[in-house]
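Read-outs: derived from the displayed coordinates by stated rules, not from any lab. A quick note: this is a predicted structure, and the numbers were derived from the prediction, not measured. We place every Cβ from the backbone using ideal geometry, glycine too, and count neighbours over all the protein chains shown.
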Amino acid sequence: MRRKNCAGTKDDFLPEESFKSWGNYAKAPSEMPKRLIERALTRSNDEAELEAKARSHHEMKRTLTWWDLIWFGMGAVIGDGIFVLTGLEAKEEAGPAVVLSYAVSGLSALFSVFCYTEFAVEIPVAGGSFAYLRVELGEFVAFIAAGNILLEYVIGGAAVARSWTSYFATLLNFRSDKFLLTAHGLADGYNQLDPIAVGVCFIICIIAVSSTKGSSRLNYIASIIHIVVILFIIACGLIKSDTKNYTPFAPFGARGVFKASAVLFFAYVGFDAVSTLAEETKDPGRDIPIGLVGSMVITTTIYCLLAITLCLMQPYQNIDANAPFSVAFKAVGWDWAQYVVAAGALKGMTSVLLVGAVGQARYLTHIARTHMMPPWFSYVDEKTGTPVNATTVMMGTTAVIAFFTKLEILSNLLSISTLFIFSLVALSLLVRRYYVSGVTTNANRNKLIICILLILGSSIGTAAYWGLSEKGWIAYCVTLPVWFLATAGICIFIPRARSPKLWGVPLVPWLPSASIAINIFLLGSIDKDSFIRFAIWTAFLLAYYFRKS
């Protein structure tokens, strides 16, 4: 079997039996129900996920420490939200209360970080949340999540690449949309073409396939420069602040705060990529908790400080949606400062793109190891120790989407995928702690199922009522107590079936249950069109899954 970087046989792309012959194509539909039931009920285990690494032919190199992970975490996250969406959400949804939006989404992200951390320590493989869901919720749920994980990374990278172009334009003293090309024959939202974003994706791809440790060093240097620029923005921005700009504080009310929070969850998705580096970490039990939790706490603090600074510098109505900080300094008379801010933002977004490229490739690599995607994507280069095929394809797809698609469309769709996956990971942690096949009795299993359904149902009910009722409150008197009692039911009536070996999430089941509730609540604040796009993508995934089955 040929095993060069971009070479491969038919089995590398279509390994399933149903693709072997025309006769198998004809038989596949009749066998589909049986296969679907088998896959829906099949769960992997920790050992199987670890053994799947052998299918990549070469191992990824263990070169990373907690120090690398902290900087990877900050490099992955700082840049997305604060330089891409802060201006847009402050201007159109939250006003100065955008700082509360960051605090809410940051709290939700921190809960998710705890859940990810326990899994990453226990199952240190490149598959991240895909591997965790496959172990606890089965192959079917893992496959649907896998498709949305890949969508999340592609869309996130595309959004940052487009914003990179906006800040590059301001660095050269042009309007933020200077380098966009208008294609009048395309639909609105897809007719502003961005060739610079494509070039940036190409350069990032080359760096990501060269070396993981090299990418870490580049990210480390870029992140230090980025932190210096952030400190400059906070210090100098507060010098030019005016407290009058904080009146009114919440012009769009609580609904605007939560709606912005749902979109700004985009700002925290980068930590997901850090969990995929567990396979390349020297001491996962120590390095992953410090790296993930530490980077998230630092990031949330920085986000809130920057949001406060921006809204003190300029009235929220005047904030530029594409390059808010650069234009804000120009508005207060510090024209020279906009160049420092733009340069720092470019450094930050470059780090985000780099860490995203590293993370998304490792997701695809592990998914391909399980044959849920063509095995060709699982190839790891012997010399570089990086997944070359997966990196190249994912960054190529990112470049295509970045070329066509408007930022607002990308950000809303990304938040849906992210919140959906984080909810599943929190649910998986509850299953992991309270259900082990052969250990948990049928009675306790049934109690767990009922409690989980009540947690999900009450969370969905709260989110739906929030979305449909402008001023009502009666339904919350039902949904919130149901959530509380269901969580307490797990705590009181169901014995734990498993304890973490090295590092565990505190306050189980309360913390993962709260993570589920907050994530689903934020989903209720996202616009209808984004849910339609999400449904179309999920339908496509189901069609592919049924064909494989």
Viscosity 1.002 mPa s, 20 °C: Kirkwood-radius Stokes-Einstein D of segment 256-341 over Cα pairs, µm²/s: 139 µm²/s
Charge-dipole axis of segment 109-249 as Lys and Arg at +1 and Asp and Glu at -1 on Cβ define it, positive-most pick from VAL198, SER210, ILE227: ILE227
Residue-wise HN-Hα coupling along segment 105-116, computed from phi with Karplus coefficients 6.51, -1.76, 1.60 (Hz; x: Gly, Pro): 5, x, 5, 4, 5, 5, 4, 5, 4, 4, 5, 4
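Over every pair of different alpha-carbon atoms in segment 390-549, take the mean of 1/r and invert it; report that Kirkwood radius in Å. It would help to have the intermediate numbers written out before the result.
Working: mean 1/r = 0.0552 Å⁻¹.
After inverting the mean inverse Cα-Cα distance, the result is 18.1 Å.
Quick check on segment 178-240: take the gyration tensor over C-alpha atoms, sort the square-rooted eigenvalues as a ≥ b ≥ c, and tell me if it's rounded (a/c under 1.5), prolate or oblate. All intermediate terms of the calculation are to be shown ahead of the outcome.
Details: a/c = 4.45, a/b = 1.27, b/c = 3.50.
Taking the square roots of the gyration eigenvalues as a ≥ b ≥ c, segment 178-240 is oblate.
Below 12 angstrom from the Cβ of LEU180, what's the summed charge of the other residues (Lys, Arg +1; Asp, Glu -1)? Please list the in-between numbers first.
Working: positive: ARG162, ARG175, LYS178, LYS406; negative: ASP177, ASP194.
Its environment carries a net charge of +2.
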Reciprocal mean inverse distance between Cα atoms of segment 96-173 - Kirkwood radius, Å: 15.2 Å
Long-range tail of P(r) for segment 66-435 (Cα pairs > 36 Å, %): 17 percent
